[in-house]
Amino acid sequence: MSEVRLIDSKNLDFSVRGDSPGMAYVARALTHKVSPNIGIGFARWEGAEVSWQVLYDEVIFVIEGCFELTANSQKYEVRPGQLLWIPEGTELIYAGHALFGYVVHPGNWKQLHGLV
């Protein structure tokens, strides 16, 4: 059985997603090695636009700024104190200027889809 863990976003290694003119940074706080059921992390979006089709269920909760997501021809603006649930298979564009947390299920989605 795993132990309770306290994770500070300041101690995580953020990797770059997106490219100029905006940037995006993502850090996985709990990997599939800790739990195959759930993945959790932090991200900072600084104007990047990233297109993706999610291969998992995802929840995004905004800590500061405004996170933008476009899916099914609808744009969502998510602000502090709000969250967004995104079902598996959704084609979308992540955008905005925000610090946010995310949760994905299953946590081992890369293994399940043969991406590692």
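The values are calculated or read from the model by the stated rules, or taken from the named source; none is laboratory data. Because the structure is predicted, anything quoted here is derived from the model rather than measured. Here the Cβ is made from the backbone with ideal geometry for all residues, glycine too, and neighbour counts use every protein chain on show.
Details
- Qualifying residue in segment 101-111 (condition: closer than 26 Å to Pro21 by Cβ, surrounded by 14 or more Cβ atoms within 10 Å (Cβ to Cβ), touching a Gly at 6+ places or on another chain (Cβ under 8 Å) and not small (Gly, Ala, Ser)): yes
- Filtering segment 68-77 to residues that are over 19 Å from His105 (Cβ atoms) and either buried (at least 17 other Cβ atoms within 10 Å of the Cβ) or acidic (Asp, Glu) (or both) leaves Glu68, Glu77.
- Residue within segment 25-39 that is of a type in the set (Ser, Thr, Tyr) and either free of Cβ contacts under 8 Å to residues at least 12 places away in the same chain or outside any loop (DSSP other than H, G, I, E, B) (or both) present: yes
- Segment 40-70, residues that are in a strand (DSSP E or B) and of a type in the set (D, E, K, R): Arg44, Glu46, Asp57, Glu58, Glu64, Glu68
- Within segment 69-98, the set of residues being in contact (Cβ under 8 Å) with a residue 40 or more places away in the chain and either of a type in the set (Phe, Trp, Tyr) or in contact with a helix residue (DSSP H, G or I) (Cβ under 8 Å, 6 or more places away or on another chain) (or both) comprises just one member, Tyr94.
- Whichever residue in segment 74-116 is part of a loop (DSSP other than H, G, I, E, B) and charged (D, E, K, R) and, among such residues, is farthest from the chain's Cα centre (by Cα): Arg79
- Failed criterion for Tyr56 (all others in (1) surrounded by fewer than 16 Cβ atoms within 10 Å (Cβ to Cβ); (2) under 26 Å from Gly114 (Cβ atoms); (3) among the hydroxyl-bearing types (Ser, Thr, Tyr) hold): (1)
- Single unsatisfied condition, Ile63 versus (1) closer than 18 Å to Met23 by Cβ; (2) buried (at least 16 other Cβ atoms within 10 Å of the Cβ); (3) touching a Leu at 6+ places or on another chain (Cβ under 6 Å): (2)
- Segment 48-68 residues that are at pLDDT below 95, paired with ones that are of a type in the set (Lys, Arg) and surrounded by fewer than 20 Cβ atoms within 10 Å (Cβ to Cβ) (beta carbon under 9 Å, 6 or more apart): Ala48/Arg17; Val50/Arg17
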